[in-house]
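Here's the structure we're looking at; comments come further down.
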Amino acid sequence: RRYDESAGSTSMLVDKSCAEVACELLEELNDDVKGSFATVPSFVDMTTGDFESLVNDYSLVVAADLPLPVLRNLGKACWSKNVHLISAKSYGFIGTCRIQTARHDIVESRPDGSVPDLRIWKPFPELVELCNKYDFSRMDDMEHSHVPYVIILMKAMEQWKSDNNDAMPTTFADKEKFKNESVKAMSRNFANEVNFEEAVRDAYLAYSAHDIPWEVQELLDNVSSESISSSSRSFDVMLLALKNFIADHGGDVPLNGTIPDMTSATDPYVALQEVYHKKAAKDLAEMRTNVDSVLTAVGSATYIVSDEELSTFCKNIFNIQVLKTRNIEDELTCSGTDYEEVKGELIMSTMEPCDPPVHTPLLWFLVMRACEQFQEKHGVYPGSDCRELALSSDVEEVMKHLERLVSCMGLSECDVVTSSLSKDHAIEMVRCFNAELHNIASVIGGVASQEAVKLITNQYVPFDNTYVFNGIASIAAVYKF
């Protein structure tokens, strides 16, 4: 497309492509960023091979408002080249954003409310040595009220084990007794000692092991020395190094060295922090040795995994993830090795419809997809002819596409689909005629840009795999198709 001043875009230069103008304007946002653009006669005429040549030099492709035939070819190309794809579409009051990625490694998922790894339940020698330096009986009230709660829990657990044949609290009664009789009882004035309140609050850290999450354990189970080669990702190399570390340390992972804020005097807190930092540095050095051994075994240079990358990995071991979405072609053809699993999850997602159910985003997505199938068949979207008879005909054909789509996706028996999906949905979507409304487009553009940042930085977890926004009721949901 080309801009023309006579069309009202007075800020645009005449006879320049959208790509060229967009590139110029985007570069103005940041002087340190340089962009480039390319134009093609038509996406419609491009084959999968053409798209593969086009996307080969990129790690992420963001596409907007592509018809299904073009999206199919682009999706196949990105999948074969292992390029992330975000497909955004604004259709009347409905908007969607679809992520396709064969594999996306997430190191810094940054979950809310993560549990600190303090190792109180299984203290390392340096922490025990520091704890032994504290004698509560020799402290005045000010010092006693500013002992870090880590030390308090260590002392309490030491006394508990001494009184219980070296056993940890296991039952609910034992845990309550530990909090009240072992931790709280050590306080001189519980109401005025915030550090002891913190110790009671986080008493579970003293007897609860920080187990490896099942998602991380699954990644570890799937990696082995046989699966690593000179072309392996650095993420896989670090996974194998971690697996070897765990095997050498009785199930323990490298310490991340981070401790939370807590009520404490400065000197005790700094001393505690140094103990954790030194242990983390020691574990990191061992991980570096493991990584180098793995890389050397496959004939790769050790600099492939940088110290910074390894340090970040070790700090986030409990939160690492790998995202693998279904490809768009499998979605459109209702196929794939995991189709039955996906169908089951989709049916489960319909168990809790919105209020009112007619505005459940899934229903509007189905009708929008039926309209896209209409366009794939006829070359135009339904509603192109605004005469009443033509509109009625388009609605009827959209309903036929919708019926086949619902059957293909295994949703024919879903209550919300059978009771709430109606001809009114098709009438509304045909009426829109693929119009792009600014407010809906801005929402979808914001969502797409947010997910793009996640994919580029390997931070936070992108959704899997389709975000649907119902602008009529301002309701959104994420579905896995």
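The values are calculated or read from the model by the stated rules, or taken from the named source; none is laboratory data. The structure presented is a predicted model; accordingly, all values stated were derived computationally and were not measured. Heads up, the Cβs are rebuilt from the backbone with ideal geometry, glycines too, and the neighbour counts pull from every protein chain shown. The area values use the complete protein model at the heavy-atom level, side chains included, leaving out ligands, DNA and RNA. Shrake-Rupley method; radii C 1.70, N 1.55, O 1.52, S 1.80 Å.
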Give me, ordered by chain and number, the residues 5 or more places off Val62 or on other chains with an amide H under 5 Å from its own placed amide H. Ile86
Rounded Å value of the spacing that divides the Cα centres of the range 26-77 and the range 182-228: 47 Å
Given +1 on the Cβ of Lys and Arg, -1 on the Cβ of Asp and Glu, and no further charges, what dipole in debye does the chain carry about its Cα centre, rounded to the nearest 20? 380 debye
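Ranked from the most accessible area to the least, with a 1.4 Å probe and all protein chains present, what is the order of Lys177, Lys480? Before the final figure, lay out each step's value.
On the way: Lys177 95, Lys480 50 Å².
So the residues, ranked largest to smallest area, are Lys177, Lys480.
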Relative contact order (percent) for the chain, with alpha-carbon contacts under 8 angstrom and 6 or more residues of separation? 22 percent
Would you list, by chain and number, the lysines whose Cα falls below 16 Å from the Cα of Lys343, excluding same-chain residues fewer than 8 positions away? Lys480
In debye, nearest 20, what is the charge dipole magnitude of the range 311-455 about its Cα centre with +1 on Lys and Arg Cβ and -1 on Asp and Glu Cβ, if you could check? 440 debye
Compute the distance in nm between two label points, each set 7 Å from the Cα along the Cα-to-Cβ direction, one at Ser80 and one at Met142. 7.5 nm
Taking a probe of 1.4 angstrom, what is the accessible area of Ser42 in Å², to the nearest 10? 40 Å²
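Membrane-span-like helices in the chain: DSSP H runs reaching 20 Å or more (Cα, own axis), mean Kyte hydropathy at least -1.0?
149-163, 234-248, 266-297, 361-378, 388-408, 438-457
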With all protein chains modelled, accessible area of Ser80 [1.4 Å, Å²]: 70 Å²
Taking only protein heavy atoms into account and a 1.4 Å probe, give the accessible area per residue of the range 323-481 in Å². 49 Å²
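So which trypsin sites (Lys or Arg not before Pro) in the range 187-234 end up in coil per DSSP with only 16 or fewer other C-beta atoms within 10 Å?
Arg188, Arg233
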Holding the Cα-Cα limit at 28 Å, pick out from Lys89/Lys400; Lys81/Lys454; Lys324/Lys400; Lys133/Lys243 the pairs that are longer than that. Lys324/Lys400; Lys133/Lys243
Under a Cβ-only charge scheme (Lys and Arg +1, Asp and Glu -1), can you give me the dipole magnitude of the range 214-323 about the Cα centre, in debye to the nearest 20? 120 debye
Straight distance only, please: which aspartates and glutamates reach the Cα of Lys16 with their own Cα at less than 13 Å, same-chain residues fewer than 8 apart left out? Asp4, Glu5, Glu24
Sequence-distant lysines (8 or more away, or on other chains) whose Cα lies within less than 21 Å of Lys177: Lys122, Lys155, Lys161
